[in-house]
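What follows is a single structure, and I will ask about it in a moment.
The values are calculated or read from the model by the stated rules, or taken from the named source; none is laboratory data. Nothing here was measured: the structure is a model prediction, and the numbers come from that model. Positions of Cβ are generated from backbone atoms using ideal geometry, with glycine treated the same way; all protein chains shown enter the neighbour counts.
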Ligand code: BDR
Ligand code: CA
């Protein structure tokens, strides 16, 4: 099995990503790192602890990550993210206070240690800012040749961004970090808006979770319905909410869910097009590009797998 570190800014779709990673038989979730974006890093860690507890998994450690981008000294939550994920990041649904704390070890040190321990077996799945991964690379550059893959939710290659015409939210949090990750020797699989905007969940599916009659089913249905309502308002042309973060976890377990374009990429860090993910003109003839960018997705097969995994998990919790 692949050893997986999920690096999340636990909002609503990150919570679904945690559930998918816990449920996926091909993945060994060895730890959950905390990022910032949908909310501050402490809030993300607390939400991850709450979600893991709801799913009966207090055995999976949670690590604190970096609290702000490499280029700034603080993090201001974008006012819009409270509107998308709720004030508490999980649709303002109340969950019991967690019974445990994040680990003493930092997320960055846990990534470095795991890279040395597991090598190519290790897959890191960032679904928030890329600051933790970039900081780990700066602290120990040898990890770029060790880690199997960074399968990230972020970026947009063939469509416009969601925070600006150029940038997707996770990349926009820290374009400098994203550029470090994309241009390093590490192999990245980019699961961006190109495919996540085509992978939608509706209230028909969340009702199936509620109908299970379990606590996890009911809570997840309430949390995700908040997101579906927000999507109905913000994106009236879409039928449902995007499964951004859980799609990245799906691709980490089964890359055949997507068709990729293999290409070296850079991330713009200039003010004008901050956060744009685009092909690197200077390396178009590279026979071994370091990024596989997802450009097509088998939505039906992915959704069937997503529902199978989450429903089975919620049934028992
Ligand atoms: C990404 O931004 C965050 O709000 C979501 O959790 C997802 O990771 C989508 O652009
Ligand atoms: Ca996220």
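Among the residues of region 127-154, what is the count of those that are within 16 Å of ligand 1 (Cβ to nearest atom) and farther than 15 Å from residue 27 by Cα?
So in region 127-154, the residues within 16 Å of ligand 1 (Cβ to nearest atom) come out as 127-133, 150-154.
From what's left, farther than 15 Å from residue 27 by Cα: 127-133, 152-154.
The qualifying residues number 10.
Here's something else I'd like to know. So is residue 134 over 16 Å from residue 8 (Cα atoms), in contact (Cβ under 8 Å) with a residue 60 or more places away in the chain and surrounded by 24 or more Cβ atoms within 10 Å (Cβ to Cβ) or not?
Details: over 16 Å from residue 8 (Cα atoms): no; in contact (Cβ under 8 Å) with a residue 60 or more places away in the chain: yes; surrounded by 24 or more Cβ atoms within 10 Å (Cβ to Cβ): yes.
No.
Filter region 223-235 down to residues that are more than 16 Å from residue 17 (Cβ to Cβ) and in contact with a helix residue (DSSP H, G or I) (Cβ under 8 Å, 6 or more places away or on another chain) and give me whichever is surrounded by the most Cβ atoms within 10 Å (Cβ to Cβ). Spell out the reasoning first.
Narrowing region 223-235 to residues more than 16 Å from residue 17 (Cβ to Cβ): 225-226, 228-235.
With in contact with a helix residue (DSSP H, G or I) (Cβ under 8 Å, 6 or more places away or on another chain) added as a condition, the list becomes 225-226, 228, 230, 234.
Numbers: 225: 19, 226: 18, 228: 21, 230: 17, 234: 13.
Among them, the one singled out is 228.
Between a residue in region 3-32 that is within 15 Å of residue 126 (Cβ to Cβ) and at pLDDT 95 or above and any residue that is near ligand 2 (Cβ under 9 Å from one of its atoms) and part of a strand (DSSP E or B), which pairs come within a Cβ distance under 7 Å, given they are 6 or more apart or on different chains?
Pairs found: 7/126; 14/8; 17/8; 18/8; 32/8.
Residue-wise test of (1) within 20 Å of residue 312 (Cβ to Cβ); (2) buried (at least 17 other Cβ atoms within 10 Å of the Cβ); (3) out of contact with any strand residue (DSSP E or B) (no Cβ under 6 Å at 6 or more places or on another chain); (4) without any contact (Cβ under 8 Å) to a residue 24 or more places away in the chain.
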{"residue": "173", "(1), (2), (3), (4)": "no, yes, yes, no"}
{"residue": "209", "(1), (2), (3), (4)": "yes, yes, yes, no"}
{"residue": "219", "(1), (2), (3), (4)": "yes, yes, yes, no"}
{"residue": "252", "(1), (2), (3), (4)": "yes, yes, no, no"}
{"residue": "258", "(1), (2), (3), (4)": "no, yes, no, no"}
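Identify, from the list 102, 141, 79, the residue that is at pLDDT 95 or above and over 20 Å from residue 184 (Cα atoms). It would help to see each step written out before you state the result.
Working: 141 fails: over 20 Å from residue 184 (Cα atoms); 79 fails: at pLDDT 95 or above.
Being at pLDDT 95 or above and over 20 Å from residue 184 (Cα atoms) holds for just one of 102, 141, 79, which is 102.
With the requirement that a residue be more than 21 Å from residue 94 (Cα to Cα) and assigned to a loop (DSSP other than H, G, I, E, B), what does region 36-70 give you? Explain how you work it out, then say what you get.
First, the residues of region 36-70 that are more than 21 Å from residue 94 (Cα to Cα): 59-61, 63-70.
Listed by number, the residues that qualify are 59, 60, 61, 65, 66, 67, 68, 69, 70.
Okay, residues lined up against (1) under 16 Å from residue 168 (Cβ atoms); (2) buried (at least 18 other Cβ atoms within 10 Å of the Cβ); (3) in contact with a helix residue (DSSP H, G or I) (Cβ under 8 Å, 6 or more places away or on another chain); (4) in contact (Cβ under 8 Å) with a residue 12 or more places away in the chain:
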site	(1), (2), (3), (4)
263	no, yes, no, yes
285	no, no, no, no
293	yes, yes, yes, yes
298	no, no, yes, yes
